[in-house]
1. Starting from the Cα gyration tensor of segment 83-150, take the square roots of the eigenvalues, sort them a ≥ b ≥ c, and report rounded, prolate or oblate (rounded when a/c is under 1.5, otherwise prolate if a/b is larger than b/c, else oblate).
2. Between ASN24 and ASP89, what is the FRET efficiency for a Förster distance of 22 Å, r being their Cβ-Cβ separation, to the nearest 0.05?
3. Along Cα→Cβ, 7 Å out, is where each label goes; now give me the distance between the ones at GLU51 and THR7 in nm to one decimal.
4. Could you list the trypsin sites (Lys or Arg not before Pro) in segment 1-98 that lie in coil according to DSSP, counting only those with at most 15 other Cβ atoms within 10 Å of their Cβ?
5. Using unit Cβ charges (K, R positive; D, E negative) and no other charged atoms, how large, in debye to the nearest 20, is the dipole of the chain about its Cα centre?
6. Just to be sure I understand, if you calculate semi-axes √(5λ) of the Cα gyration tensor in Å for this structure, which of (1) 24, 21, 12; (2) 26, 19, 15; (3) 28, 17, 15 do you get?
7. Would you work out if segment 47-131 is rounded, prolate or oblate? Take a ≥ b ≥ c from the square roots of the eigenvalues of the alpha-carbon gyration tensor; rounded if a/c is under 1.5, else prolate when a/b is larger than b/c, oblate otherwise.
8. Determine the shape class of segment 1-61: with a ≥ b ≥ c the square roots of the Cα gyration tensor eigenvalues, call it rounded for a/c under 1.5, and otherwise prolate if a/b is greater than b/c, oblate otherwise.
Amino acid sequence: MLGADHTWSPERVADLLGHDYGDNPSDYSLGRDHGLIDFFWQRSGPGQPWEGSHFSVQAHRLRVGDPELISPVLRERYGVVPAPVPFADVAALLEARDVALAEKPHPVDPDEMRVYWQPGSRTLVYVVAGSYYGRPGDVYKIINPSSGTP
């Protein structure tokens, strides 16, 4: 994500994506909502440094149709992002770059969501399968790095 990854500090991510964000803090975890992108950190206790755990691209938020949802730096770099994002387009781009995805079971809601795993980057891609989460075939969210193999 513009060179940022899960190891970046909250301050460094804000310097890149902007200081207009929503925080979801606790003594041991911090989730920061930058519109389309969320970053997450953990720490061993209050006053301890944050350690990044993962970030996610919440593609389902694009359905709202609000261009302000995408931070200015992302809009400047990537331009208009289609809403919603068809998984077929993402899969074709990855295949052209020899990046393989493996479908994994989604135990919570297998009729409504498909999950694809990219082991090299430890990335999960969630794709709408039914109608509950949106339009079938659309990317719902992307999580990197996943905390384990699904």
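1. Oblate is the answer for segment 83-150, as a/c is 1.5 or above yet b/c matches or exceeds a/b.
2. The computed FRET efficiency comes out at 0.10.
3. 1.4 nm
4. Numbers: sites: ARG12, ARG32, ARG43, ARG61, ARG63, ARG75, ARG77, ARG97; in loops: ARG43, ARG97.
Qualifying residues, ordered by number: ARG43, ARG97.
5. Working: 13 positive and 20 negative charges, 42 e Å.
Dipole of the chain, to the nearest 20 debye: 200 debye.
6. (2)
7. Details: a/c = 1.39, a/b = 1.13, b/c = 1.22.
It is rounded, given that a/c, with a ≥ b ≥ c, falls under 1.5.
8. Prolate, since a/c reaches 1.5 and a/b exceeds b/c.
Every number in this text was worked out from the coordinates using simple rules, so none of it is lab data. Here the structure is a predicted model, which is why all the values come from computation and not from measurement. Here the Cβ is made from the backbone with ideal geometry for all residues, glycine too, and neighbour counts use every protein chain on show.
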